[in-house]
Every structure is written in C-alpha cells, then in structure tokens.
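Working notes, beginning with the structure itself.
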Amino acid sequence: QALLCGVIVMRPEDPLIFLEEKIKEIMEKGLDPGLWYMCIDPSLRTNLKRIAETYLSALFGLEDEQLITTELCTKAFDFYSRNLKKFYFRGWIRYHLQRKNNRKQTEQKMALAAVHYKFQKIRVIIEKWNSWAQIHKEKNTLATRRLQQIFNKITLNAVLKAWHAEACSSLKTKAYFESLIKKDQEGGFVSNENLSYRSVKCKASHLPEEALLQIFRYVNLVDLARCAQVSQTWMLLTQNSSIWSDVSKIISCNVLFQYYGLNLYWDFLSFSYNMTYLFLGECRNLQDLNLSECQGLNDDSMRLISEGCPSLLYLNLSYTDITNGTLRLLSRSFPNLQYLSLAHCRKFTDKGLQYLGSGRGCHKLIYLDLSGCTQVSVDGFRNLANGCSRIQNLLINDMPTLTDRCIQALAEKCEQIMSVVFLDSPHLSDTTFRALAECKLVKVSIEGNNRITDLSFKLMSKCCPYIRHIHVADCQKITDAGLKMIAPLKYILILNLADCLRIGDGGIKPFVEGSSGATLRELNLNNCVRVTDASVIEIAQRCHNLTYLNLRYCENVTDTGIEALGNMSSLISIDISGTSISDMGLGALGCSGKIKELSISECQNISDTGIQKFCQDTKHLEYCHVSYCPQLTDETVKALAFHCHRLTSVSIAGCPKMTDLCMGYLAAACRYLHFLDVSGCIRLTDKALKYLWKGCKQLHVLKMLYCRNITKQAVLKYTAKLEKREHSDGDPPPWLGYDRNGNTLPFPKQES
C-alpha cells in the first residue's frame, strides 16, 4: 500500500528504479504499518489531524495515538453521501411539490376563468332573450286583449241569444201551465202542438203493426237487419215469427253472417227451430252466440250448430235443457271458446264438467257462469279445475249448495282467478277467501252470508293489493274492524256494504281517510243505521271522485251531512231515501248542479218548497224518485217539469195529493220520459192518461197500481203501444198509510 501510494503520488520517470530504492529503504528502516505515506515526498504529503482520544473511543473505539483508518473513511464517506443524497432528494421533492402546487393553482384559476366566462356568456344571452321575450310578451298581451274583447262580444251575444230563447221558452211553458190550470178548472184539455219542443215521429211509425209486418216480409235479410237497428219497436217487429216462417230467409242466414264479417251477435231467443240451427251451423265466422232461454234447445240442436262454427268465442246456454252430451260437443268443436254461461242448466252433471276439459277441451275458457247449477258437487268443480285452469271470471249465484270445499277444489288449479261473484251462497265462510289467497283478486261480490267475518277483509288486505271492487252486502258479521283492515288498499273503486248493520262511523271514517278514499267512485251504505253525519262529512271532504252514494235508510243522517255533500262536484247519483233530511238539506244538495239521479222516497220532512229549491240549481236531472211522500203536491211535479227537461224516469208512487194537473206538466215539458210510476195516486183519472198519450211519445213503462179512478177502457186506449204497463183499480193497501180518500191512517197502538 505504501509503495503504490508513492508511485501514484510521486509519478517517477522510471517506476522500477523508484520501487527498488524504496524497498531497500524499507528493508533498512523497517516497515511501519500505519505510515502508508512513507514512500511519498514530505512536500507532497497531506496534513492529517489527530483525533482526540475521547472522540476516537466514543465514535470508533480506536486505541491511543491511532489515526483514522480506511474503514472509518469509508464509513464517513458513506454517511456523507447518504446525507448528501437525502439533502438533494428532499430538495427535489420540495421542488416537485412546488411545481405540482403551482400547476394545480393554475388549473383552478383556469377553471374559475372558464366558469366566469360561461356565466358572462349566459348573462349576455339571457339579457338578449329577456329583451326579446319582453317585446313578444307585450305583443302577445296586446293580441290577447284584442282577442278577449272579441270573445267577450261573441260570448255576450251568445248569452243574450240563449237567455232570450230560454226566456221565450219559459214564457211559453208558463203560459201553457197557466192555461192548463184554467182549462183544468173548466174541464178541458190544451194540446202542446204549439210548443217548440214537441216531438216529431216518423210517418212510418204511425202505421199499424200488421202493415209494417207485411212490408218487412218483402225486405231482404240484410236490409231487415238494418231495419232492426232503427228503433226498439222495429227490432221487435223484425223478430216476429211470421217473418221468419219463410225458409228462404233462414237459408240466407249464411249470407247475412258473411255480410257482417267475423264479429256478429245473433240472438235466437225467439227462434228455436231445428231448421234455424241447421243453417246456423254453416256460419263459420260466427263468434258470439246467445241461446239463452231458447225453448227446445237440446243436445241434438247443439250438434247441428257445432258442426260448422269453429270460431265461436262467446256462448250463452243459460236456462236451456242441455246435458252432458252438449258439454262433450263443446270440448270437441269449440277449442277457442272463452266465455261460457251455463246458468240454471240443471240437466248436466259432474261428468259433463269433466268432458268440458278433456281432450282438446275448452282450455282457453276465461269466463264461466254456473249460477243456479245446484247439481254440481265438489267433484264437478275438481273436474273443471283440471281441464280449465285459465278461468279468470267466476260467477256462481243462487247456489245454496256451494260450500268452501267446492271453492278449494277449484282454486287448487285455477290460480288466475281475478273476479268472483257468490250471491246468495250462505254456506261459504272465511275458508273460501283463504283458498283464494293465491289468486290476485280484483273483484269480490258476496251477498246474503252470515259466515263471512272480518277475517276475510284481513286476507284481502294482505293477499289482494290490487282489488278494485268489493261487494259484501247483507253480511252481518262484518264490522268496523274489517273496514279498518282494508283501509291501506290503494285501488278500491267500488265498495258496497248494504245491509251490514254493524258498520258505523268507526269503520267508515278510517276507510275514507285511507289510501282509497280519494279514488273511490261508488259507495253503498244502504241500511247502515249506525252511520251518522260525521261519516257523511268525512266522505264529502275526502272522496273527491265519488260519483254514486247510497245512504238509503240511514236514519241518523240529517241536513248537516247532506249540506256537506252539496259541495261535491263529482257526485252524480245519490239515494237518501228514508233519511231525516228536510227542505234545507235538499236545497243545499242541489248547489253543485251536476246531480243526474236523485232518490228521496219516504222522506217525511220534505215538502214542495225543498223540491223547488233543489230544481232551481239542477238542470241535468234525469232520474227522480219521490215515492211515498204523501205531503207532496202538484207543485213538486211542476218544479221538476219546469226546470228539468231531461227527465227520463219519474216515480211519484204513494203521493195521494197528485192530480191530473201534474200529468199535464210532465206531458208538456218532459219529452224524453221513458218510465213513470204513479201507483197509489188515487186522484188521477183518465184525463191523466190522455195527457201522457199526447205529450210523452217516448214513454215505455207506466205503472198505475191502486189508481181506482183510472178505468180499464182508458188504459187499453191510451197505453196500448207501451212496452210494459201495470194497472189495478183496487183500494190502496194499508201499508201506504192512507185510505181510498187520501186520509191518513192511524198507526196501530202496541199493547203494553
């Protein structure tokens, strides 16, 4: 090490000679391991400082007088290098972070500048748009003002013209009524030929029926079908058997079906001849066939039909004598049948229902009516479910033999049932609705059942979230608790609780406050005697879409509740018969002016004044029954006739103070009247029928029971062309509350 250091530092001209001399010198003086610089000239040596003993001992553990070694230098150099690297690395990190921060600040400033520029741009656009909109707004305002002025002028002219026409009509009507009163006192009759609204009939309608039948015999089949659509009278004449006695017309049935195409409804109620069934089998496009109540229809007749009608979708066989053979034909010949009615067909058995679903079967059946088929047992329903599992609408009325087991057998396979109707089925219980829990029911109708309880409502609330129609009339075990259970349902549109005597305010108020209150359309509380004004007020406040309300015989409902209903703009039909309403409540009820159907029978507190107040605001009334209100007089009918010209159905039965004059009012103004009941109006005479015969040309049904002053000769003369008439000249029965002279009968005293 000393030789190499000398050669490197001294750099002799001849290194070999230099090494030889230094080796001899070392051999003479000896070698000191610690003097690595002994071969270097003293002038070229570095000045090395000695390290104190304390520092050497503490730092490196050196001995006394010992200089720093190579290892110590290496360590020192490494330490210095690391520190230098750390110093420069930290400086580089700071520089990099500073650049990064500067770049980030620059980006933020650029973003702020972009936002500022965007806002400035939008501001300029909005200012320009605002100025443009302001100009156009001024132009539109000016144009609107001009159009409004024109519209006001036109409207004013129209109102004045309408007012003038109405005033003229009212003056004519008033004059006519006054002349009626005068002539009635004189015993005469005034014709309404001069009234502007006198009905005009076709000249052909005045021909006798025999003449029209002779004319129809010369009309071809297509034109005959068109004639049947002219009016109800012509339709009845075209169905006369004398016209269809000609076989050529029956043979032409095929042409008729082809003329009307794929969807033709044909009613064979009056034609039950085998010849008709034979040619009906050739109508391959027939889809809808109604054979209800056809006398003589049997399996042989159905065989003739089934041979050529593969497209049949709707079939009504109710009240016929079909047997299992017909049901077997249905499964073979009508695979596309969807609607089938077997109501009150008593000659088929459970085996026939098995045929209905066997083979090709009626597997597409979605509607089935088995009302009155008391011979069907549990096995029959099980057979039906096995073959017709797609049934959605099930109608089983008037069937006292129907039990829970029948419905369970049907519901096991028919999981698509959406509508069930079980009227007059007293043996069904909550088990039925438990069996139907898997079906997504939308409509439930059950009536006259004392075994259905609130548990059924609980099952509906849990399993039928989309139910819309609930009909549980005359179910005595339904209470307010059941109504609270169905209050959360959202889609109920129709609720019928008629004759459920345990329903009261405790159930009605929570229900209308629930999810379906605002969407409810029809509510029937007939004979729910516990319902009071509190429920009626809640209904008026919550049920904004209610169109039909029945409060019949709710004796605790008074004027307070009825006045609240007067603010309902949606209410169209209301029945408040048998309530405690008076003239004040009835007058407030007419404030909405939109009621079309009103029934206030057996309301003893109503007088002519209340009817007059109601009619003043109600111009659209079509149906009005004020039966069994003995306090009403001719003034009631006068108010109805004067204000409500659209009346089609009127009942004043049980009103003994009505005279012939009220019939004159109706005949003069109510030209659309179709139904009239004057039973118990003991003061009416033949003159009343003469009024109706001359004025009410569209009258179809007239009831005149207990009218002792109307003769049978007048009934035959003036009502011969009516579709239906009922007349008796006997004395009024005691339950009407008055005798043959109109005197009030005393109530029988109860023995203590």
Next on the checklist: Out of the residues in the range 722-734 meeting the condition of being in a loop (DSSP other than H, G, I, E, B) and in contact with a helix residue (DSSP H, G or I) (Cβ under 8 Å, 6 or more places away or on another chain), tell me which one is most open to solvent (accessible area, probe 1.4 Å).
Outcome noted: 723
Next on the checklist: Can you tell me which of (1) touching a Ser or Thr at 6+ places or on another chain (Cβ under 9 Å); (2) among the charged types (D, E, K, R); (3) closer than 21 Å to residue 632 by Cα; (4) part of a loop (DSSP other than H, G, I, E, B) is the one residue 703 doesn't meet?
Outcome noted: (4)
Checklist outcome for this item: For the range 212-231, pairs from a residue that is closer than 12 Å to residue 243 by Cβ to a residue that is modelled with pLDDT of 75 or more and of a type outside the set (Lys, Arg), with Cβ under 6 Å and 6 or more apart or across chains, are 212/237; 224/238; 227/234; 227/238; 228/235; 228/238
Item to check | Check on residue 31, at pLDDT 75 or above and aliphatic (A, V, I, L, M) | outcome: no
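With more than 25 Å from residue 438 (Cα to Cα) and in a strand (DSSP E or B) as the only criterion, which of 368, 337, 315, 327 stands out?
315 is the lone residue from the list that is more than 25 Å from residue 438 (Cα to Cα) and in a strand (DSSP E or B).
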Checklist entry - Since residue 525 meets every condition but one in (1) within 21 Å of the chain's Cα centre (by Cα); (2) more than 25 Å from residue 574 (Cβ to Cβ), which condition does it not meet? => result (2)
Item to check | Every residue from the range 500-522 that is part of a loop (DSSP other than H, G, I, E, B), within 23 Å of residue 552 (Cβ to Cβ) and open to solvent by less than 50 Å² (accessible area, probe 1.4 Å) | outcome: 500, 503, 516, 517, 520
Checklist entry - Can you spot a residue in the range 352-365 that is closer than 27 Å to residue 491 by Cβ and either open to solvent by less than 50 Å² (accessible area, probe 1.4 Å) or modelled with pLDDT of 95 or more (or both)? => result yes
Item to check | Residues within the range 631-642 that are farther than 18 Å from residue 573 by Cα and not in a loop (DSSP other than H, G, I, E, B), tallied | outcome: 8
Item to check | Failed item in (1) open to solvent by less than 80 Å² (accessible area, probe 1.4 Å); (2) modelled with pLDDT of 55 or more; (3) touching a helix residue (DSSP H, G or I) at 6+ places or on another chain (Cβ under 6 Å), with residue 44 passing the rest | outcome: (1)
Item to check | Filter result for residue 633 (among the β-branched types (Val, Ile, Thr), under 18 Å from residue 696 (Cα atoms), open to solvent by 10 Å² or more (accessible area, probe 1.4 Å) and out of contact with any Gly (no Cβ under 9 Å at 6 or more places or on another chain)) | outcome: no
Checklist outcome for this item: Taking first residues from the range 720-740 that are in contact (Cβ under 8 Å) with a residue 60 or more places away in the chain and second residues anywhere that are assigned to a strand (DSSP E or B), the pairs with Cβ under 7 Å that are 6 or more apart or on different chains are 723/701; 732/738; 737/744; 738/744
Checklist entry - Within the range 649-691, which residues are over 20 Å from residue 178 (Cβ atoms), assigned to a helix (DSSP H, G or I) and open to solvent by less than 10 Å² (accessible area, probe 1.4 Å)? => result 689
Checklist entry - Across the range 542-555, what is the total count of residues that are touching a Gly at 6+ places or on another chain (Cβ under 9 Å), open to solvent by 50 Å² or more (accessible area, probe 1.4 Å) and over 19 Å from residue 473 (Cα atoms)? => result 2
Item to check | From the options 638, 594, residue that is in the same structural domain as residue 695 (by the TED database), crowded, with 22+ Cβ neighbours inside 10 Å and of a type in the set (Lys, Arg) | outcome: 638
Next on the checklist: Given the criterion open to solvent by 100 Å² or more (accessible area, probe 1.4 Å) and at pLDDT below 75, identify the matching residue among 190, 200.
Outcome noted: 200
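The values are calculated or read from the model by the stated rules, or taken from the named source; none is laboratory data. Please read these numbers as outputs of a predicted model, since none were measured by experiment. Counting neighbours? That spans all protein chains shown, and the Cβs are built from the backbone with ideal geometry, glycine included. Accessible surface is based on the protein model in full, side chains and every heavy atom, while ligands, DNA and RNA are left aside. Shrake-Rupley method; radii C 1.70, N 1.55, O 1.52, S 1.80 Å.
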